[in-house]
Amino acid sequence: MSEHFDVHGGARLVGEVEVVGAKNSVLKLMAAALLAEGTTTITNCPQILDVPLMADVLRSVGCEVAIAGDTVTITTPSELSHHADSSAMGKLRASVCVLGPLVGRLKRAVVALPGGDAIGSRPLDMHQNGLRKLGATSTIEHGCVVAKADGLHGAQIWLDFPSVGATENILMAAVLAEGTTVIDNAAREPEISDICTMLIEMGAKIEGAGTSTLTVHGVDRLNPTEHQVIGDRIVGATWAFAAAMTRGDLTVRGVNPHHLDLVLEKLRLAGAEVEAFDGEGFRVVQADRPVSVDFVTLPYPGFATDLQPFAVALSAVSDGTSMITENVYEARFRFIEEMVRLGADARTDGHHAVVRGVAALSSAPVWASDIRAGAGLVLAGLCADGITEVWDVFHIDRGYPYFVENLNRLGARIDRVTTEPERS
Ligand code: UD1
C-alpha cells in the first residue's frame, strides 16, 4: 500500500492548535532512561512513528517499554545488553543516542549505525572522539559503532562544531564517568537543556545547561524519574509559517515562544503581526502577501536547518527576492527541486539559494524526501492553484502528530489517499 496526500490549494488557516512534546527531545530522553535501573516515566510524548521505533531500540537491549497515549514508561533492568541491533536502528537518527548511555553504564556498546532523514552527510566522528577522550576505544565494525572502556574518566572536550547528537552522547556517557568533564562548543538547543533537566532530576551533576560550556561532575549512579518533554519548537514554527503563507491567523499553544525568538522576528519582518504568550505559545496573523526576507541556518540560537524548507516555501510566495543560506546540511536544498515543480522561481548555488517570489504556485505531484521537506510541500500545496499530490508521506508521519487532522480542522482540505500497488 502506498499513501499520498491530495492537498487542495487556496486554504486560509484560522484557529488554535496545540503542540505536544518535541520529537528531538523525547527520543533522547528515552535513551537517557538506560542510565538508571528502574522505571522512568516520560509525559507529553508526541504520537509519532519514531517513538515506537525508539521503544524497539530500547527493548533490544533489555528494557520493557509501554506507550499509553502521551506517556512512555521505560523499565530498565539491572542487567542490560550492550548490543543495540533492533531493525528500528536503521530507521531513525536518534537511535545512535543509546551509545552514550550504554558506554556510561556498561563501559561497552555495540550500536548499529543509525538511519534517519537523507539530508546530507551525517558522520559520527565527534561522537567517537568525545568517547575516546573519556577513555573508551571506538571503531566502526560491520555496520556498528563499537566502544569499549576499562573505566571512564572526566576530560576536557572541544567539539569542532556544536553537534546536537555528539553533545548528547558525550553528556550521557560523562554523567557516570569518574571526575569532571567539560564539553566546550556544546550545542545549546532547547532539547539539550531538556535532557540536562532530566539528567539532573535523575541525580546527575551538570552545570551550564543551555550554554556552550557544559560541566559534568560524574556520579556513581542515577535514579529513575518522571519527566515532561518540552514542546516541539520545530512543529510550533511549522504552524507559524503556515499562518504566514496562507495569510491566516493561528494561535499556537504548548511551545515556549522564546525558543522561536528568531523565527517569530523573521515573520514580523515578512509582515506578520506576532504576539508571544509568555512560556506557553504565540499568535501569528498575516493580513497581506508576505514580503521577502533572507534566512541563514545555524545551530541554535540561529535559524534551525530543520526550518529551511519552510523558509524556502514562504519565500516562494512572498513579494520580492530572498537569499537562503544552508550551513548545516548541504543536501537539504533537494527540497527546492520539488518546489520548482510547483512553479517556484528558485535556484541554488552551493549552499545559497535565491528564491524570487511568485504570485501563485501551481499544483503538481511532488515527493517528500524528509520530515520537514514533506511538511513544507504540504504548506506549499495549500498556496498552489489546484490539487497537489504529496507522495512519500511516511516521512511526515515520523514527525507531525495529527498533521492532516489539524490542518483540516483549521480550514485546509487534505485527503489521505491509500492506493494498492499496481500488479505487473
Ligand atoms: C539533530 C536533529 C536534526 C537537526 C540537527 C541540527 C535529532 C534526531 N535530529 O541531528 O533534526 O537537523 O540536529 O539541528 O535530534 N557532524 C559531524 N560529525 C559528527 C556529528 C555531526 O560532522 O560527529 C556534522 C553533521 O554532518 C552536520 C552538523 O554536524 O553537518 C550538525 O549535526 P548534528 O547537530 O549532530 O545533528 P544531529 O544530532 O544528527
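Summary of computed values
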{"quantity": "Failed condition for Ala360, given (1) under 24 Å from the mean Cα position of the chain (by Cα); (2) surrounded by fewer than 19 Cβ atoms within 10 Å (Cβ to Cβ); (3) over 16 Å from Val291 (Cβ atoms); (4) of a type in the set (A, V, I, L, M)", "calculated": "(1)"}
{"quantity": "Criterion violated by Glu338 - all others in (1) under 29 Å from Val51 (Cβ atoms); (2) out of contact with any Phe, Trp or Tyr (no Cβ under 9 Å at 6 or more places or on another chain); (3) at pLDDT 95 or above; (4) of a type in the set (D, E, K, R) satisfied", "calculated": "(2)"}
{"quantity": "Qualifying position, being in contact with a Phe, Trp or Tyr (Cβ under 6 Å, 6 or more places away or on another chain) and either buried (at least 20 other Cβ atoms within 10 Å of the Cβ) or of a type in the set (Val, Ile, Thr) (or both), among Thr325, Thr321, Thr388, Thr348", "calculated": "Thr348"}
{"quantity": "Within region 397-424, considering residues that are part of a helix (DSSP H, G or I) and touching a residue at least 40 places away in the same chain (Cβ under 8 Å), the one surrounded by the most Cβ atoms within 10 Å (Cβ to Cβ)", "calculated": "Leu407"}
{"quantity": "Residue within region 14-34 that is over 19 Å from the mean Cα position of the chain (by Cα) and part of a loop (DSSP other than H, G, I, E, B) present", "calculated": "no"}
{"quantity": "Output for region 88-109, where each listed residue is among the small types (Gly, Ala, Ser) and in contact with a strand residue (DSSP E or B) (Cβ under 9 Å, 6 or more places away or on another chain)", "calculated": "Gly90, Ser95, Gly100, Ala109"}
{"quantity": "Extreme residue, farthest from Ala368 (Cα to Cα), among residues of region 310-346 that are assigned to a helix (DSSP H, G or I) and within 11 Å of the ligand (Cβ to nearest atom)", "calculated": "Glu330"}
{"quantity": "Contacts under 6 angstrom Cβ, first residue in region 264-277 being in the same structural domain as Ala242 (by TED's automatic domain parsing) and closer than 12 Å to Ala243 by Cα, partner outside any strand (DSSP E or B) and polar (S, T, N, Q), 6 or more apart", "calculated": "Ala272/Gln286"}
{"quantity": "Enumeration of residues in region 225-237 that are within 13 Å of the ligand (Cβ to nearest atom) and touching a Phe, Trp or Tyr at 6+ places or on another chain (Cβ under 8 Å)", "calculated": "Val235, Ala237"}
{"quantity": "Residue ID - farthest from Tyr300 (Cα to Cα), chosen from residues in region 207-233 that are part of a strand (DSSP E or B) and aliphatic (A, V, I, L, M)", "calculated": "Val216"}
{"quantity": "Test: residue in region 99-114 that is more than 18 Å from Ile42 (Cβ to Cβ), in a loop (DSSP other than H, G, I, E, B), modelled with pLDDT under 95 and not charged (D, E, K, R)", "calculated": "yes"}
{"quantity": "Tabulated pairs, region 97-116, first under 10 Å from His83 (Cα atoms), second assigned to a helix (DSSP H, G or I) and more than 16 Å from the ligand (Cβ to nearest atom), C-beta under 6 angstrom, 6+ apart or interchain", "calculated": "Ala109/Leu102"}
{"quantity": "Boolean, Ala186 is surrounded by fewer than 24 Cβ atoms within 10 Å (Cβ to Cβ), part of a loop (DSSP other than H, G, I, E, B) and at negative phi", "calculated": "no"}
{"quantity": "Residue check for Ser2: surrounded by fewer than 16 Cβ atoms within 10 Å (Cβ to Cβ) and polar (S, T, N, Q)", "calculated": "yes"}
{"quantity": "Residues of region 157-192 classified as within 12 Å of Thr211 (Cβ to Cβ), aliphatic (A, V, I, L, M) and without any contact (Cβ under 8 Å) to a residue 40 or more places away in the chain, total", "calculated": "3"}
{"quantity": "Answer from Leu29, Leu49, Leu53 - the residue that is aliphatic (A, V, I, L, M), within 16 Å of the ligand (Cβ to nearest atom) and modelled with pLDDT of 95 or more", "calculated": "Leu29"}
{"quantity": "Extreme residue, farthest from the ligand (Cβ to nearest atom), among residues of region 270-304 that are at positive phi and at pLDDT 95 or above", "calculated": "Gly271"}
{"quantity": "Of residues in region 280-337 being touching a residue at least 60 places away in the same chain (Cβ under 8 Å) and acidic (Asp, Glu), the one nearest to Thr246 (Cα to Cα)", "calculated": "Asp306"}
{"quantity": "Among residues of region 125-168, those that are assigned to a strand (DSSP E or B) and either within 15 Å of the ligand (Cβ to nearest atom) or of a type in the set (Ser, Thr, Tyr) (or both), counted", "calculated": "8"}
{"quantity": "Residue satisfying all of: in region 68-82; part of a strand (DSSP E or B) and surrounded by fewer than 16 Cβ atoms within 10 Å (Cβ to Cβ); farthest from the ligand (Cβ to nearest atom) among these", "calculated": "Ala68"}
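The values are calculated or read from the model by the stated rules, or taken from the named source; none is laboratory data. Keep in mind that what you see is a predicted model, and the values were worked out from it rather than measured. Neighbour counts run over all protein chains shown; Cβ positions are idealised from the backbone, glycine included.
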